[in-house]
Structure formats: C-alpha cells, structure tokens
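Take a look at the structure set out below.
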Amino acid sequence: MISPSIVAEWELTDFDTDQRLLAMSGVSLVVVTSVGCSSCRWARQQLPALGLEIDQLCWIDAGNNGGVVQRYQVFHLPALFVVRDGEFYGALQSRLSRAELNAALRLALSRDPEELP
C-alpha cells in the first residue's frame, strides 16, 4: 500500500536520531511509538495524511530504541516532540487531531529552543 503522505517520513534509531535531527531543515515532528500501543498504531496510520504544518515526520520505535526513550524522558506513548532546523522545541501535549496538533506546533515554535536531549 502506498502512503498518501505529502510529508517526508523517516525512521530514526538510537544510533542516528541526534545526527539526523540536527541535519534536517524545516519542522520535524518526532513521534515515539510502540507496536503494542493502539494510539500509536492510529498515529502511524493517520498523522502522515492530516495536513500538519510540518516538513517531515520522524518515527522512533520505543521498544527498539531505549536510549532515545530515556534521553527524551518518554513516559507515555505516543510521545511527540518538535525540532526545527536542528533546534529542539520540546514535547507536544495535544490530542491527535489536525487543528489541535497544528495549534500545539505553533505554540511550541513560538518558544525559545533548547538543546537536544
């Protein structure tokens, strides 16, 4: 099945997350998921086609990437984070709908950036 996504999608791991996020331009939505999480499966299926104000979606499997989970202090799944042009803008707290995610993205990007965890 071909994804209807209009944004680039990347699978990141413990070994390349920081390097790739620092090198990406534009707005990246980083989503930490797990195969056993029903909300995560929904996010994987629906987020690419929601029309979010992002340039790329970056997926991280929590079960295979414990280092990222620990560094990003992931306590619930799916966990969402925003990175723009290599700068970290923190976690997103939002329901997984287009309007709420886009509003949360705009709010996050209005803050001062932090160091990547």
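Among the residues of the range 89-117, those identified as farther than 17 Å from Pro48 by Cβ and either of a type in the set (S, T, N, Q) or part of a strand (DSSP E or B) (or both) are Tyr89, Gly90, Ala91, Gln93, Ser110, Glu114. A single member of Ser34, Ser39, Ser28 is in contact (Cβ under 8 Å) with a residue 12 or more places away in the chain, closer than 24 Å to Ala103 by Cβ and either surrounded by 16 or more Cβ atoms within 10 Å (Cβ to Cβ) or not hydroxyl-bearing (Ser, Thr, Tyr) (or both), and it is Ser28.
Among the residues of the range 45-80, the ones that are touching a Phe, Trp or Tyr at 6+ places or on another chain (Cβ under 8 Å), outside any loop (DSSP other than H, G, I, E, B) and over 16 Å from Arg95 (Cβ atoms) come to 4 in all.
When the range 74-117 is filtered for residues that are closer than 21 Å to Thr17 by Cβ and touching an Asp or Glu at 6+ places or on another chain (Cβ under 6 Å), the ones remaining, listed by number, are Phe88, Leu105, Pro113, Leu116. Only a single criterion out of (1) farther than 15 Å from Asp16 by Cα; (2) under 13 Å from the mean Cα position of the chain (by Cα); (3) not aliphatic (A, V, I, L, M) is not satisfied by Gln45, namely (2).
Could you please give the count of residues in the range 30-44 that are within 16 Å of Phe88 (Cβ to Cβ) and in contact with an Asp or Glu (Cβ under 9 Å, 6 or more places away or on another chain)? Going through the range 30-44 one residue at a time, the tally reaches 1. When the range 19-42 is limited to residues that are more than 20 Å from Leu109 (Cβ to Cβ) and part of a helix (DSSP H, G or I), the one that is nearest to the chain's Cα centre (by Cα) turns out to be Cys40. Here Ala62 clears all of (1) surrounded by fewer than 20 Cβ atoms within 10 Å (Cβ to Cβ); (2) closer than 16 Å to Thr33 by Cβ except the condition numbered (1).
Laboratory data are not the source of any read-out in this text; all were calculated from the coordinates shown. Model, not experiment: these values are computed from the prediction. Heads up, the Cβs are rebuilt from the backbone with ideal geometry, glycines too, and the neighbour counts pull from every protein chain shown.
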